[in-house]
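A short reminder: the numbers here are calculations on the coordinates, not readings from a lab. The model shown is predicted, which means the values in this text are computed figures rather than measured ones. Here the Cβ positions follow ideal geometry from the backbone for every residue, glycine too, while neighbour counts run over all protein chains shown.
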Amino acid sequence: MQNRIATALLIGMFALLGFATAWIAERPAHAAQPTAANRSLPEFDKDEDEFYARVDAVDSPTELTVTVLDAWRPMDKVQGPRWPNGIAKVKPVKRTVVLEELSGPSDAEQRKSAMDFIRRTLKESDHEVICTGSGISVKKGSGGEMISITAYVYVKKGFTLNNAMVSHGWATTSNPFYREWQEAAKRKKLGIWRDRQ
């Protein structure tokens, strides 16, 4: 009886060892197959000015450096934005985004406050935005050429960063649509209007 049990255990151990060896041998073959995470992503068109992006840096009260995560399509307005939630659907590329029709403060302290306001606002949207642009240009800098987009920047809450900057008094605008918000910020002495008569 004991011999049978010992034999059965020995056979079972050899079977398990054989199974483990086969499993280990198969792993490199499976690892070599492309997965959704490591498949090559499509290139993002240089002429595209509407996209989802992650904001990497606030360069000034009117300029951001972003990484494009996905193209924004007109049907997204109808079906509702499909936020990438940090996952790139296109090959990530850097862009400079200039907030359209805004002028930021020139005073150093006010510039810092305006940039802090942008950072707080972006934190609420997990630093993800939609850029809907009206112009594309190429800027030359020390790091080479950088594509710059003039745009309205929407945060997840559904308002534009452009409007938020004006309505909180951290920028002035040439857009007549935002003038009412600019006048309200002026009356309330918000942001840059705080110390003005």
Sparse-neighbourhood loop sites, chymotrypsin sites (Phe, Trp or Tyr not before Pro) in region 81-183 - DSSP loop, at most 16 other Cβ within 10 angstrom: F159
Reciprocal mean inverse distance between Cα atoms of region 50-193 - Kirkwood radius, Å: 15.5
Radius 12 Å from Cβ of V166, net charge of other residues (Lys, Arg +1; Asp, Glu -1): -2
Summed side-chain charge close to G135 - residues other than G135 whose Cβ falls under 13 Å, Lys, Arg +1, Asp, Glu -1: -4
Note, ³J(HN,Hα) from phi for region 112-124, Karplus 6.51, -1.76, 1.60, rounded to Hz, x at Gly and Pro: 4, 5, 5, 5, 5, 4, 4, 4, 5, 5, 5, 4, 5
Neighbour-count ranking [beta-carbon atoms within 10 angstrom, fewest first] of L190, L122, L41, L161: L41, L190, L122, L161
Per DSSP, loop trypsin sites (Lys or Arg not before Pro) in region 159-197 with at most 13 further Cβ within 10 Å: K188, K189, R194, R196
Net charge over other residues, Cβ less than 13 angstrom from the Cβ of R187 (K, R count +1; D, E count -1): +4
